[in-house]
1. So what are the three principal axis dimensions of the chain from its Cα atoms, in whole Å, longest to shortest?
2. To the nearest 0.05, what FRET efficiency results for His35 and Lys11 with a Förster distance of 35 Å applied to their C-beta separation?
3. Work out the FRET efficiency for Cys27 and Tyr56 from their Cβ-Cβ distance, taking R0 = 25 Å, and round it to the nearest 0.05.
4. Normalised by the residues of the chain, what does the relative contact order come to in percent, with Cα pairs under 8 Å and at least six apart?
5. Treating only the Cβ of Lys, Arg, Asp and Glu as charged (+1, +1, -1, -1), what charge dipole size does region 8-60 show about its Cα centre? Round to the nearest 20 debye.
6. Okay, helix-only estimate at 222 nm for the chain: each DSSP H run of n ≥ 4 adds -39500 (n - 2.57), divide by all residues, round to 500 deg cm²/dmol; what do you get?
7. Please name which of His52, Thr34, Ala10 has its Cα lying farthest along the dipole of the chain towards the positive end, using unit charges on Cβ (Lys, Arg +1; Asp, Glu -1) and the Cα centre as origin.
8. When we measure straight from the Cα of Lys11, which lysines land under 23 angstrom away, once same-chain ones fewer than 8 places off are left out?
Amino acid sequence: MSKQKTNKSAKKRFKLSAKGKLSFKKCGIKHLNTHMSAKHKRRLRTPESSVHESQYERVLSMFPYTKYAR
């Protein structure tokens, strides 16, 4: 049987913590942000957000070799 493949876009966007939480960076901070206020840019730099419970299973299914049971 062949190996299962990890979804490459999910691999780049999401990070799985040791306790099984999925986190991601907020969008909109890379470029074209000169029109934003400093407060807005600071808010986008805050630590990673966690994936909503309704989307957790869908995102986790993109990672076939995870330690956590679904």
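Rule-based calculations on the coordinates, nothing more; no lab input. Small disclaimer: the values here were computed from a predicted structure and weren't measured. Cβ: placed from backbone, ideal geometry, glycine included. Neighbour counts: every protein chain shown.
1. Taking the Cα atoms of the chain, the three principal extents are 52, 23, 20 Å.
2. Working: r = 32 Å, r/R0 = 0.90.
It comes out at approximately 0.65.
3. On the way: r = 19 Å, r/R0 = 0.76.
Efficiency, rounded to the nearest 0.05: 0.85.
4. Details: 53 pairs, mean separation 27.6, N = 70.
In percent, rounded to a whole number, it is 39.
5. 300 debye
6. Values: 3 runs with 21 residues, N = 70.
Rounded to the nearest 500, it is -7500 deg cm²/dmol.
7. Checked the options; the winner is Thr34.
8. Lys3, Lys19, Lys21, Lys25, Lys26, Lys30, Lys67
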